[in-house]
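The next block holds one structure in the form of structure tokens; read it before the comments.
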Amino acid sequence: MKSDRRSVLGAGLLLSVFSASRALAQTAPPAAPGAAPPGLPQPEETLDLWPQGVPGMPANPPIEKTTERSEDLLVTDRAVLGITVPRLSVFRPDRPNGAAVLLMPGGGYNHIVVDKEGYELGRWLAARGFTAFVLFYRLPYDGWAAGPDVALSDAQRAMRLIRHRHAEYAIDPERVAAMGFSAGGHLCADLATRFASRTYDPVDQTDRLSAKPICAAPIYPVVSMSAPNAHPGSRERLLGANPSTALEAAHSPDRNVPANAPPVFLLHAEDDDVVPAANTILLRAALKERNIPVETHLFEHGGHGFGLRKAVGKPVEIWPELWRNWARGTGLG
């Protein structure tokens, strides 16, 4: 996977002219009725993860639906469920720095948050030179053949697809990070610990590439699937109402850390009343036991699901810059 960085960036700039025509063949980003807020760029480019057909389609496929939960016309808060065409919404920087970030929004594995933990972070990253890919992954309770591994299948495929298409986006294929929030933080931690697990049958040359991120940032993540620390809703939607202890262990990232896991950045508010901060502490301890580099930030106040917008005016507001400074040391840039 070694590439000359200068040639990668140059090739990406030359090929970017073809991106618009390629994007036309992809499934549009999730969108609710009504106009988007003025001044906030919306993604115009998407990448379908499975162009030859999504694997393991249920007998009664769900119907994708996006709802607007905000009453403020200038601040959207969309949620999408029933995804049958998993895809990436792309935020391109004006001046690419050669690095990419795969974003996995949360939503308790019940839906996926579009704006707060997806598009807002995509804009923030793109403004700083990163190419951001917001992942709309399949939800495990919809009956997919992969069961509780279905979201991880999409995350693995997304990492490989970003690397496969690196030249088009002026990306160094070795500099692709992962970041996730809440249940998306669980998916991010799952990817960081089970990147090499075979969760789907390879479909093309893309699947020969590694799904391992250069670094991972699970933010206020769901981690444990066992009481008392499990988030009940995420646990039930991922594993069902009465999972076995073996199934709980198989899907608790703190119990599956390999010796070659990537460096990890952890962030949680101690007053989180939805996902206990103990989830982050469990994952930190497991990473430390394996001698995996880990940076951990615990804030006294912040609650759950603060993303960018709900962190404003609080000490936790600094978290994106803490991540960015840490990420430089991993080689992401």
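Just a few scattered comments:
- Largest first and in whole Å, the equivalent-ellipsoid semi-axes of the range 153-253 read 28, 15, 9, each the square root of five times a Cα gyration tensor eigenvalue.
- Sorted fewest first by neighbouring Cβ atoms within 10 angstrom, 257, 134, 274 come out as 274, 257, 134.
- Neighbour counts of other Cβ atoms within 10 Å put 215, 188 in the fewest-to-most order 215, 188.
- For residue 180, the amide hydrogen comes within under 5 Å of the amide hydrogens of 104, 217, 219, counting only partners 5 or more places away or on other chains and with H modelled in the peptide plane.
- For the chain, alpha-carbon Rg and Dmax in angstrom: 18.4, 53
- Volume of the Cα convex hull of the range 112-165, divided per residue and given in Å³: 76 Å³
- Where the Cα pairs of the range 175-234 fall when distances are cut into 10 Å bins, in %: 22, 43, 28, 7, 0
- Relative contact order computed over the range 18-177 (Cα-Cα under 8 Å; 6+ residues apart), in percent: 23 percent
- For the chain, share of DSSP beta bridges that run antiparallel, in % to the nearest 5: 40 percent
- Among 104, 225, sorting on how many other beta-carbon atoms sit within 10 Å of each Cβ, with the fewest leading, yields 225, 104.
- Estimated 222 nm signal from helices in the chain, with DSSP H stretches of n ≥ 4 weighted -39500 (n - 2.57), rounded to 500: -7500 deg cm²/dmol
- Karplus (6.51, -1.76, 1.60) ³J(HN,Hα), θ = phi - 60°, over the range 177-191, in Hz, Gly and Pro reported as x: 9, 10, 9, x, 10, 6, 5, x, x, 4, 4, 4, 5, 4, 5
- Geometric extent, Cα atoms of the range 213-321 - Rg, Dmax (angstrom): 14.3, 43
- For q = 0.16, 0.23, 0.31 Å⁻¹, Debye-computed log10 I/I(0) when each Cα of the range 36-80 counts as one equal scatterer: -0.70, -0.97, -1.18
- Exceeding the 29 Å Cα-Cα cut-off - candidates 116/212; 212/288; 65/116; 65/288: 65/288
- Ranked by the mean number of other Cβ atoms within 10 Å of their residues, highest first, the peptides 234-242, 68-76 come out as 234-242, 68-76.
Quick note: the coordinates plus some simple rules give every number you see, no bench work behind them. Everything numeric here is computed off the predicted structure, so don't read it as measured data. All Cβ positions, even for glycine, are placed from backbone atoms using ideal geometry, and neighbour counts span all protein chains on display.
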